[in-house]
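Chemist: The structure follows.
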Amino acid sequence: MGKYTAFKLPLKSLGVGTHEFEYHLDKQFFVNMESSDIHDADLSVHLTVQYNGDIYNLDFHITGEVVLICDRCLDDLHYPITASYHIVVKYGEDYNDDNDEVLEIPETDNTLNVAYMIKDTVELAVPMKHVHPLGKCNRQMSAMLKKHRATSGDEDAEMENELIDEIDNIDAQSSAEGNSDPRWDALRKLSADDNITE
């Protein structure tokens, strides 16, 4: 049995109507795909196929969590995933994926392997920059990074280190007191949103 046999969609044996498929992705899926960014996963994939006798509408909905490596402290970074992908598949003379919304496959293909579609959908949902929110990185590694930056004499790095220290101290105080300052909460949220969009 091949690595991706479970992801072969039996197109020609599907009758007209709606068909549902479920897949679970774990670490082994991304190892098989040779993904360098995703080190572990616990993802559920729900695929709905609507066939009208001519074309197949494929709707993927993926939810769960992946484990990345933080670019700043190198610790595991658990990142939630919610992603959707829609594509139309139809039979034609040759394989043609020039259109982002329509995939044409040869009449001789009885099945369609959706493993790479799923992988691409997950990877597109992962941000380019993998970093913990401020104050959540491994403290020992952050301290080493600050020490290294201090020796480089970079003024921007010094200011960033001071800000990180200040936020870390506020995080520690908030945790100890059980309450937080809404102004700093807003700043942390803004910083976290920047990390997600970068």
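Chemist: Go through F7, F21 and list them by solvent-accessible area, largest first, probe radius 1.4 Å.
Modeler: Listed by decreasing accessible area, they come as F21, F7.
Chemist: For the range 1-81, what does the accessible surface come to per residue with a 1.4 Å probe? Please give it in Å².
Modeler: Here the residues of the range 1-81 average 53 Å² of exposed surface.
Chemist: Which net charge results when you count Lys and Arg as +1 and Asp and Glu as -1 among the other residues whose beta-carbon is under 10 Å from that of E93?
Modeler: Once all neighbours under 10 Å are counted, the net charge is -3.
Chemist: To one decimal place, what orientation-averaged projected area in nm² is obtained for the convex hull of the Cα set of the range 7-91?
Modeler: Its average projected convex-hull area is 6.3 nm².
Chemist: Bin width 5 Å, origin at 0, all Cα-Cα pairs of the range 64-125: what percent of pairs per bin?
Modeler: Values per bin, smallest distances first: 4, 14, 19, 18, 12, 9, 9, 8, 4, 2, 0.
Chemist: If the only charges are +1 at each Lys and Arg Cβ and -1 at each Asp and Glu Cβ, what is the size of the charge dipole of the range 1-152 around the Cα centre, to the nearest 20 debye?
Modeler: Its charge dipole is roughly 1220 debye.
Chemist: State which entries of K8/K119; K3/K129; K12/K90; K27/K119; K12/K119 exceed 18 angstrom in Cα-Cα distance in the structure shown.
Modeler: K3/K129; K12/K119
Chemist: Counting other Cβ atoms within 10 Å of each Cβ, which GluC sites (Glu not before Pro) in the range 87-120 have at most 11 and sit in a DSSP loop?
Modeler: Here the sparse-neighbourhood loop sites are E93, E101, E107.
Chemist: Hey, another quick one. Round to the nearest 10 and report in Å² the accessible area of Y116, as given by a 1.4 Å probe over the protein chains' heavy atoms.
Modeler: Here the residue's solvent-accessible area equals roughly 120 Å².
Chemist: Looking at the range 38-138, which trypsin sites (Lys or Arg not before Pro) are in a loop (DSSP not H, G, I, E or B) and have at most 16 other Cβ atoms within 10 Å?
Modeler: Qualifying residues, ordered by number: K129.
Chemist: Give me the percent of the accessible area of the range 1-100 that comes from carbon and sulfur atoms, probe 1.4 Å, all protein chains in place.
Modeler: With neighbouring chains kept in place, the figure for the range 1-100 is 45 percent.
The values are calculated or read from the model by the stated rules, or taken from the named source; none is laboratory data. What you see is a predicted model, and the numbers here were worked out from it, not measured in a lab. So basically every Cβ, Gly included, is an ideal-geometry build from the backbone, and we count neighbours across all protein chains shown. In case anyone asks, the SASA skips ligands and DNA or RNA and just uses the protein heavy atoms, side chains included. Shrake-Rupley method; radii C 1.70, N 1.55, O 1.52, S 1.80 Å.
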